[in-house]
Amino acid sequence: MKKSSFVAMMLGTVAGVFFALGMCMALLPEWNAFRPGVVFGCIGIVLGIITFFVWRKMAHKAPIQWNGKKVLFCLFGVVGALILGVGMCFCLVWENIILGTLIGLVGILMLLSLIPIAKGIKE
């Protein structure tokens, strides 16, 4: 295993734990820890972003060149993730399983379509 992959795996694990713990703290009313949960979730997101840049630097990757196409792909991914989250909310919070499942499937299909849209399909 390359050193860059190992460091990315460790930092990504820490970021994921912070994010997951923060979401549990924020979303479970029994814990009464909404504000600390939001803080932990934000720390996890920031650590995840830092992990990405540290890994790229250690793997000697070129900096990302942003253009309109990449921004649209990012926005499409964010919208797909939000739609998936709304579907989960319909199922878990509002107990509307059928509508939540349909909305969640639309979000999953949007996220699955990102790779073929961005890279194309080749033989």
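Just a few scattered comments:
- Here the translational diffusion coefficient of the chain follows from Stokes-Einstein with Rh set to the Kirkwood radius across Cα pairs; for 37 °C and 0.692 mPa s it amounts to 195 µm²/s.
- A simple charge model with +1 on the Cβ of Lys and Arg, -1 on the Cβ of Asp and Glu and nothing else charged puts the dipole of the chain at about 800 debye relative to its Cα centre.
- Rounded, prolate or oblate (a/c below 1.5 giving rounded, otherwise prolate when a/b exceeds b/c) for the stretch 65-123 by Cα gyration tensor: oblate
- Here the sum of -39500 (n - 2.57) over DSSP H runs of 4 or more residues, divided by the residues of the chain, equals -27000 deg cm²/dmol at 222 nm, to the nearest 500.
- Computed FRET value (nearest 0.05) for R56 with L92, which takes r as the C-beta separation and R₀ as 30 Å: 0.30
- In this label model, V78 and V38 are separated by 1.8 nm, measuring between points 7 Å along each Cα→Cβ vector.
- Database remark: amide H of N96 closer than 5 angstrom to the amide H of C91 (H placed geometrically; neighbours at sequence offset of 5 or more, or on other chains; Pro and chain starts carry no H).
- Simple label model, 7 Å out from Cα along Cβ direction - L114 to K2, nm: 2.1 nm
Each reported figure results from applying straightforward, stated rules to the coordinates on display, with no laboratory input. Because the structure is predicted, anything quoted here is derived from the model rather than measured. When we count neighbours, we look across all protein chains shown, and the Cβ atoms used for this are built from the backbone with ideal geometry, even at glycine.
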